[in-house]
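Here's the structure, in structure tokens; my notes come after.
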Amino acid sequence: MSNRLIHETSPYLLEHAHNPVDWYSWGGAALEKARAEDKPIFLSIGYAACHWCHVMAHESFEDHATAKILNENFVPIKVDREERPDLDSIYMNAVVAMTGQGGWPMSVFLTPAGVPFYGGTYFPNTRRYNMPAFTDVLRAVLDAWQHRRAQIETSGEKILAIIQASELTQGAPLDAHALLTATDLLQRSFDQANGGWGNAPKFPQPMLIEFLIRRYIATRDALVLKRVTQTLDAMAQGGIYDQLGGGFHRYATDAIWLVPHFEKMLYDNAQLARVYLHGWQVTRNDFYRRIAEETLDYIAREMTHARGGFFSSTDADSEGHEGKFFVWTPDEIRVTLGADDAPMFMDAYGATARGNFEGKNILHVARDCAVIAAMCHLAESKVERRLNEARRKLFLAREQRVKPARDEKVLTSWNGLMLAAFAEAARTFDRADYRALAERNADFMLTELRDSQGRLHRSWKEGAARIGGFLEDYANLIEGLLALYQTTFAERWFIAARELADTMLELCADPRGGFFDTSNAAEQLVTRPKDVQDNAVPSGNAMAATVLLTLGAYTGERHYTQAAERALEMIQPVLTQAPLGFAQWLIAFDFAVSPTREIAIVALAEQAEAQKLLQVVFHEYRPHQVVALAPPHQASQIPLLHGRTQHASRATAYVCQHFVCQLPVTEPDALAAQLND
């Protein structure tokens with residue numbers, strides 16, 4: 001037996017294709033059935049790597065008695081939140097308004113018009129955890145629908161009014177003092193014992209760390225840098241980081257970064273790889289470089305389609321058990337490493353007979369190499385080599401296990417974030433393999449996920465692109481393409497980024513300021529979402545502001561900058577009240593109010609003279625700069641390069657601000673002096 005989901009490409013939807021529930025995907029057929037039969041809609045939203053989504057599916061959606069209630073009395077619709085962030089945003093806001101909290105699986109009841117009137121998240125199959133049984137919920141909702149319809153519709157309209165209210169209000173001109181206030185609030189809410197922000201569960205906050213790195217560069221405040229390094233160290237040494245295979249799990253279930261929720265998401269690893277890269281540039285701590293490269297190597301090895309797209313996620317479970325693929329017993333370690341190396345490794349990575357997770361061990365850095373070396377009376381370099389070899393052996397042994405399921409859909413938004421990480425790492429670490437992978441990804445995205453009119457699709461799988469692109473798809477892909485341009489200086493990437501920006505403004509700009517999450521050509525929903533809060537990924541609004549400011553610096557065209565500044569002016573009051581939820585906005589705000597250097601280089605990129613100038617430009621992390629390069633006597637479509645000529649037939653650099661340039665220089669030391677002035 002199968003239902004309509006059998007025709008979908010989303011792995012999450014396909015997981016439910018053989019449920020006895022007669023699922024629909026979101027679309028005209030389901031909505032028309034609800035209207036024609038006057039039935040409430042049961043909307044279930046989740047994603048492939050979601051542990052509790054699997055639990056609810058097994059307990060309730062595979063249960064024939066539960067399915068009978070759903071099929072006879074409701075129109076059940078299943079949605080992959082990663083494919084439809086618009087629906088997820090609208091109905092998550094509704095659930096939060098109704099219950100004060102949200103999460104996945106999301107369970108929402110709608111009128112045939114799509115208006116939400118009741119909702120929650122996970123409901124168990126029997127009454128427990130102080131939650132009602134799912135079947136009891138279904139019966140209660142059905143009773144209310146049949147006997148208290150007017151009350152339901154009134155409640156739904158009130159909820160709809162709440163979620164339709166815009167979070168953006170008219171603001172004042174940008175004031176750089178907001179950065180000081182936000183930084184102070186972040187300092188005060190920092191977890192001084194464990195690094196990061198918040199208690200259990202504890203999430204990585206790469207955008208917040210990135211913002212603090214920028215504040216350190218601007219102020220050289222040692223305490224700000226300490227907050228950054230403490231957090232980077234704690235995450236990379238904890239169980240949230242895969243000590244054998246590289247890459248970060250979604251979050252820690254505790255406050256100390258030890259026990260993760262074992263799913264791995266593309267967007268987390270894209271942002272974290274990039275922030276560790278910046279951490280290395282600021283501190284030159286090679287541990288950060290190692291973490292950045294191991295994370296990117298993991299993506300290249302395990303999360304990349306043969307044609308260049310990056311896959312979305314891997315599951316927390318394998319063989320029906322959360323974390324089974326990643327945990328170890330002492331005996332398993334001894335069998336793999338032998339009697340000589342196993343004790344040292346277990347001491348270094350915290351593996352004990354008692355274990356730290358259901359009787360087994362999540363590997364984490366319990367002692368660093370220097371301590372182990374002193375205890376064993378060995379050179380630190382020798383200990384490091386032995387531990388690295390042990391990690392390699394255990395990784396190879398782990399490869400023989402049953403791996404967690406992988407969600408192989410390619411999402412434009414998340415790919416844009418990872419493209420930016422690979423592109424920047426390619427130039428920073430001089431990794432030709434990263435550059436090749438970034439170029440292949442960009443080619444793939446522009447070929448397979450952009451239509452003949454220049455508009456983006458959201459998702460691709462097995463040769464099929466589907467669903468119109470959202471604001472975040474445009475903004476994040478533009479970010480990735482601009483990063484790639486500054487690595488390769490192939491103008492095709494800049495041209496594509498600018499074309500996408502123009503399309504984004506045409507489709508998503510709100511005349512009142514800011515941007516809608518959906519295109520003006522998209523399906524009309526109960527409200528047109530305009531989510532401004534940064535969550536696990538940057539909000540589309542915040543990233544749109546970021547890339548438009550960058551394009552303004554390259555082109556000098558005020559319409560890019562003005563669109564970004566209008567959005568920033570409207571969000572500015574919130575930045576000084578709740579900076580934890582608006583980190584990408586803070587990054588964009590920092591760029592907008594800081595002096596920006598526009599660097600134009602006239603040279604052949606591969607020439608030694610040009611490379612020396614580029615080494616100066618990119619050696620340090622300078623977040624408030626854009627860089628363009630073109631050969632002499634070649635027409636460029638980048639306004640920053642217009643009118644630039646070589647001096648004395650040598651590679652020549654111009655350092656400008658608002659297109660007003662200092663004297664051209666040809667020597668690396670002279671360029672460094674201008675940049676450091």
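Rule-based calculations on the coordinates, nothing more; no lab input. Computed from a predicted structure; not experimentally measured. Positions of Cβ are backbone-derived with ideal geometry, glycine not excepted, and every protein chain shown enters the neighbour counts.
For this structure, a couple of remarks:
- Rounded to 5, percent antiparallel among DSSP beta bridges of the chain: 75 percent
- For the chain, the share of alpha carbon pairs falling in successive 20 Å distance bins from zero is 17, 50, 29, 4, 0 percent.
- Reach of residue 158 by Cα under 29 Å, taken over lysines that are not fewer than 8 positions away in the same chain: 33, 39, 78, 530
- Summary of packing: across the peptides 89-97, 601-609, the per-residue average of other C-beta atoms within 10 Å ranks them, highest first, as 89-97, 601-609.
- Fewest-first ranking of 226, 158, using other Cβ atoms within 10 Å as the exposure measure: 158, 226
- Theoretical FRET efficiency, 1/(1+(r/R0)^6), r = Cβ-Cβ of residue 558 and residue 490, R0 35 Å, to 0.05: 0.85
- Only helices enter the 222 nm calculation for the chain: every DSSP H run of n ≥ 4 contributes -39,500 (n - 2.57), and dividing by all residues gives -16000 deg cm²/dmol, rounded to 500.
- Dipole axis of the range 51-156 (+1 Lys, Arg; -1 Asp, Glu on Cβ), positive-most option in 69, 130, 93: 130
- For residue 226, the lysines whose Cα comes closer than 22 Å to its Cα, not counting residues fewer than 8 places off in the same chain, are 202.
- Estimated dipole of the range 322-433 in Debye, rounded to 20 [Cβ of Lys and Arg +1, of Asp and Glu -1, Cα centre]: 180 debye
- Using only side-chain charges placed at the Cβ, +1 for Lys and Arg and -1 for Asp and Glu, the dipole size of the range 55-177 relative to its Cα centre rounds to 460 debye.
- Cβ-to-Cβ counts within 10 Å put 392, 139, 455 in ascending order as 392, 139, 455, the fewest first.
- Packing, as the average of other Cβ atoms within 10 Å across residues, places the peptides 41-51, 367-377 in the order 41-51, 367-377, highest first.
- For residue 24, the residues whose modelled amide H falls within less than 5 Å of its own, excluding neighbours fewer than 5 places apart on the same chain, are 77, 78.
- Treating r as the C-beta distance of residue 221 and residue 285 and R0 as 22 Å, the FRET efficiency rounds to 0.75.
- By the count of other C-beta atoms within 10 Å, a proxy for reagent exposure, 229, 111 are ordered fewest to most as 229, 111.
- Think of the range 578-674 as having a plus end and a minus end, set by charges on the Cβ of Lys, Arg, Asp and Glu; of 656, 578, 621, 656 sits farthest toward the positive end of this dipole.
- You can think of it this way: the chain between residue 174 and residue 319 has 46.9 nm of extra reach, that is 0.36 nm per residue less the Cα-Cα gap.
- In the range 582-667, the convex hull through the Cα atoms has an average projected area of 6.3 nm², a quarter of its surface area.
- For the chain, the cysteines with no partner cysteine C-beta closer than 4.7 Å are 369, 376, 508.
- The mean sequence separation of alpha-carbon pairs under 8 Å and at least six residues apart, normalised by the residue count of the chain, gives a relative contact order of 11 percent.
- Rounded to the nearest 20, the size of the Cβ-charge dipole of the chain about its Cα centre is 420 debye, with Lys and Arg at +1 and Asp and Glu at -1.
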